[in-house]
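Asker: Handing you this structure, nothing more for now.
The values are calculated or read from the model by the stated rules, or taken from the named source; none is laboratory data. Only a predicted model underlies this, so the values are computations on that prediction, with no experimental measurement involved. Heads up, the Cβs are rebuilt from the backbone with ideal geometry, glycines too, and the neighbour counts pull from every protein chain shown. What goes into the accessible areas is simple: the full protein's heavy atoms, side chains included, and nothing from ligands, DNA or RNA. Shrake-Rupley method; radii C 1.70, N 1.55, O 1.52, S 1.80 Å.
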Amino acid sequence: MRFSFLSIAREALRGNRGWTPHWRDAEPKAAYDAVIIGGGGHGLATAYYLAKNHGLTNIAVLEKSWIGSGNVGRNTTIVRSNYLLPGNIPLYELSMKLWEGLERDLNYNAMVSQRGVLNLCHTDAQRDAFARRGNAMRLHGVEAELLDRKAVQRMCPFLDFDNARFPIQGGLLQRRGGTVRHDAVAWGYARGASDRGVDIVQNCAVTGIRIANGVVEGVETTRGFIAAKKVAMAVAGSTSQVASMAGLRLPIESHVLQAFVSEGLKPLIPGVITFGAGHFYISQSDKGGLVFGGDIDGYNSYAQRGNLHVVEDVAEEAMGLMPMTGRLRMLRSWGGIMDMSMDGSPIIDRTPIDGLFLNAGWCYGGFKAIPGSGLAYAHLIAKGEPHPAATALRLDRFRTGHLIDEKGQGAQANLH
Amino acid sequence: MRIPCPFCGPRDLSEFAYLGDAAPVRPAETSDATAVFDYVYLRANPAGPHRERWYHASGCRLWLTVTRDTRTHEVLFAEEAAP
């Protein structure tokens, strides 16, 4: 079923009884050309681009729970491509461009809203660093604007500009950045992949990876063995667990990252704002709630919930940036399990096992990367060579010293 | 989350700083690059009991080795880290 003005008007008149399920909830077959482990944003996007760009349709996405039950449903929905390093910018910008055309491509309303991402600076040194980052972005064809204090004041008059410790000096603005409706991303990609023949198998946990003579043969699951010549992991926080089934030890730690949403308010914040004197980012959802988050909790965790010291830290940062938030009531908080790589940058690469692929290490940045990551990963799986935008995101860079240390912090929480 | 410091008793998480997995051991100076790579970057990252280093910064200022379940945050055991 295609969405159009006509179909929506027709269904409105018929009491919305004509809508059909958006994707097929498939039963697993005995064999596929390729199997993707993980029915989150990255896994579903990979399946979609494998089918659409490479004509590979005899594939399955295996999800241990329901699709979108992991980090694609547990984030702050921010999209941007304001990175510094040449290893990172091309992929995130590819992703940004795909976000811009996503709804037309998928024929699905993902509520892509380019309301702008503003990074605030509070010191001279920070402004210089922002100027450098903005220049790096422009060298890669990504627009960036360095705003002075007055320009930020015009845009966001409600911020605490004369904070005694962290006065706001200006900011780096990417107007094309913004927010996207996170669940619709999972559903839209699932629908697009399913329409092209991809099997989306829910409640099917992978329990083992069968390998013979260094070549992958398939996966053991809770619903039986599934043969596949190519097996691709896209399991975020569970990466170390799944990779260990193939005997791999990775430069990744799993950490919990919390996020929060307040009660609904009238329109207040124009775009996404980040506080430069700590680690805090805030935006307003279309329902009106302020959505915000901060640092990872800082210790290894698979619990999908965090502790109060980070809640306190995030609340302090909110007060330091927007004192009016002191009157807000919090509605909900949640935690997602981040696959923190040791240099803070992702990995899209082959593994030492033939036919086994790895997509991991997204740290804080998994959501915004979904379309670009899916496209580049599909390219790697189909052609066996990295996509031009992802050539630096190699697994062996830790061994060879070609780290992509965007911020030089990785999983080490005391460096955040 | 509270950590039962063997010297100070059960104390709030905010008093501690986290270093990470207690398993990696610094290789000898004569080791090759592979051993150093292994020590610096590779982690088991278990879902379950995890032996890890915590520093009681706002307490006794001693290093502890804590065994904690990463699935539930339940602290199973805490002892002074071996020097």
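Asker: Could you pull out every one of the strands (runs of 3 or more DSSP E) wholly within the stretch A:144-260 that has 3 or more residues that are more than 21 Å from the chain's Cα centre (by Cα)?
Answerer: Numbers: elements: A:145-148, A:170-174, A:199-201, A:206-212, A:215-221, A:224-233.
Result: A:145-148, A:170-174, A:206-212, A:215-221, A:224-233.
Asker: Return a yes/no flag: does the stretch A:92-107 have any residue that is open to solvent by less than 40 Å² (accessible area, probe 1.4 Å) and not in a helix (DSSP H, G or I).
Answerer: yes
Asker: For the condition at pLDDT 95 or above and open to solvent by less than 10 Å² (accessible area, probe 1.4 Å), what is the one hit in A:P251, A:P167, A:P157? Even if it seems obvious, please write down each step before you answer.
Answerer: Values: A:P167 fails: open to solvent by less than 10 Å² (accessible area, probe 1.4 Å); A:P157 fails: open to solvent by less than 10 Å² (accessible area, probe 1.4 Å).
After ruling out the rest, the residue left standing is A:P251.
Asker: Before we move on, is B:R51 touching a Phe, Trp or Tyr at 6+ places or on another chain (Cβ under 6 Å), of a type in the set (D, E, K, R), within 11 Å of another protein chain (Cβ to nearest Cβ) and open to solvent by 70 Å² or more (accessible area, probe 1.4 Å)?
Answerer: Details: touching a Phe, Trp or Tyr at 6+ places or on another chain (Cβ under 6 Å): no; of a type in the set (D, E, K, R): yes; within 11 Å of another protein chain (Cβ to nearest Cβ): yes; open to solvent by 70 Å² or more (accessible area, probe 1.4 Å): yes.
So B:R51 does not fit the description; no.
Asker: Across the stretch B:58-83, which residue is nearest to A:H402 (Cα to Cα) among those that are at the interface with another protein chain (Cβ under 10 Å from one of its Cβ atoms) and more than 11 Å from the chain's Cα centre (by Cα)?
Answerer: Filtering the stretch B:58-83 for residues at the interface with another protein chain (Cβ under 10 Å from one of its Cβ atoms) gives B:66, B:68-74.
From what is left, the residues that are more than 11 Å from the chain's Cα centre (by Cα) are B:69-74.
On the way: B:D69: 34, B:T70: 31, B:R71: 33, B:T72: 36, B:H73: 34, B:E74: 37 Å.
Per the criteria, the residue is B:T70.
Asker: Moving on to the next point. Out of the residues in the stretch A:373-401 that are open to solvent by 10 Å² or more (accessible area, probe 1.4 Å) and assigned to a helix (DSSP H, G or I), state the one that is nearest to the other protein chains (Cβ to nearest Cβ). Break it down into steps so the answer makes sense when it comes.
Answerer: To start, the set of residues in the stretch A:373-401 that are open to solvent by 10 Å² or more (accessible area, probe 1.4 Å) comprises A:375, A:379, A:382-389, A:391-392, A:394-396, A:399-401.
Among the residues that remain, those that are also assigned to a helix (DSSP H, G or I) are: A:375, A:379, A:382-383, A:388-389, A:399-400.
Numbers: A:L375: 28, A:H379: 26, A:A382: 29, A:K383: 28, A:P388: 26, A:A389: 24, A:R399: 5, A:T400: 9 Å.
Here the answer is A:R399.
Asker: Still on this model: For the stretch A:275-287, check the following and say yes or no: at least one residue is open to solvent by less than 40 Å² (accessible area, probe 1.4 Å), over 18 Å from the mean Cα position of the chain (by Cα) and within 14 Å of chain B (Cβ to nearest Cβ).
Answerer: Within the stretch A:275-287, not a single residue is open to solvent by less than 40 Å² (accessible area, probe 1.4 Å), over 18 Å from the mean Cα position of the chain (by Cα) and within 14 Å of chain B (Cβ to nearest Cβ).
Asker: Kindly provide the set of residues from the stretch A:327-347 that are open to solvent by less than 50 Å² (accessible area, probe 1.4 Å), on the phi < 0 side of the Ramachandran plot and among the small types (G, A, S), ordered by number.
Answerer: A:G335, A:G336, A:S341, A:S345 - these are the residues of the stretch A:327-347 that are open to solvent by less than 50 Å² (accessible area, probe 1.4 Å), on the phi < 0 side of the Ramachandran plot and among the small types (G, A, S).
Asker: Which of the following residues is more than 14 Å from chain A (Cβ to nearest Cβ), surrounded by 14 or more Cβ atoms within 10 Å (Cβ to Cβ), touching a residue at least 12 places away in the same chain (Cβ under 8 Å) and under 29 Å from A:Q304 (Cβ atoms): B:P4, B:P27, B:P46?
Answerer: B:P4
Asker: Yes or no: A:E406 at pLDDT 95 or above, away from every other protein chain (no Cβ under 14 Å), open to solvent by 10 Å² or more (accessible area, probe 1.4 Å) and assigned to a loop (DSSP other than H, G, I, E, B)?
Answerer: Values: at pLDDT 95 or above: no; away from every other protein chain (no Cβ under 14 Å): yes; open to solvent by 10 Å² or more (accessible area, probe 1.4 Å): yes; assigned to a loop (DSSP other than H, G, I, E, B): yes.
No; evaluated as a whole, the condition is false for this residue.
Asker: Another one. Which members of the stretch B:7-21 meet the condition of being open to solvent by less than 60 Å² (accessible area, probe 1.4 Å) and within 11 Å of chain A (Cβ to nearest Cβ)? Talk me through it step by step, then tell me what you get.
Answerer: Pass one, the stretch B:7-21, residues open to solvent by less than 60 Å² (accessible area, probe 1.4 Å): B:8-9, B:13, B:15-18, B:20-21.
Residues satisfying the conditions are B:L13, B:E15, B:F16, B:A17, B:Y18, B:G20, B:D21.
Asker: Return yes or no: is A:A259 away from chain B (no Cβ under 12 Å), in contact with a strand residue (DSSP E or B) (Cβ under 7 Å, 6 or more places away or on another chain), open to solvent by 10 Å² or more (accessible area, probe 1.4 Å) and touching a residue at least 40 places away in the same chain (Cβ under 8 Å)?
Answerer: On the way: away from chain B (no Cβ under 12 Å): yes; in contact with a strand residue (DSSP E or B) (Cβ under 7 Å, 6 or more places away or on another chain): yes; open to solvent by 10 Å² or more (accessible area, probe 1.4 Å): no; touching a residue at least 40 places away in the same chain (Cβ under 8 Å): yes.
No, not satisfied.
Asker: Further question: Could you identify the single residue in A:A60, A:A45, A:A110 that is part of a loop (DSSP other than H, G, I, E, B) and either open to solvent by less than 30 Å² (accessible area, probe 1.4 Å) or of a type in the set (S, T, Y) (or both)? Steps first, answer last, please.
Answerer: Working: A:A60 fails: part of a loop (DSSP other than H, G, I, E, B); A:A45 fails: part of a loop (DSSP other than H, G, I, E, B).
A:A110 is the lone residue from the list that is part of a loop (DSSP other than H, G, I, E, B) and either open to solvent by less than 30 Å² (accessible area, probe 1.4 Å) or of a type in the set (S, T, Y) (or both).
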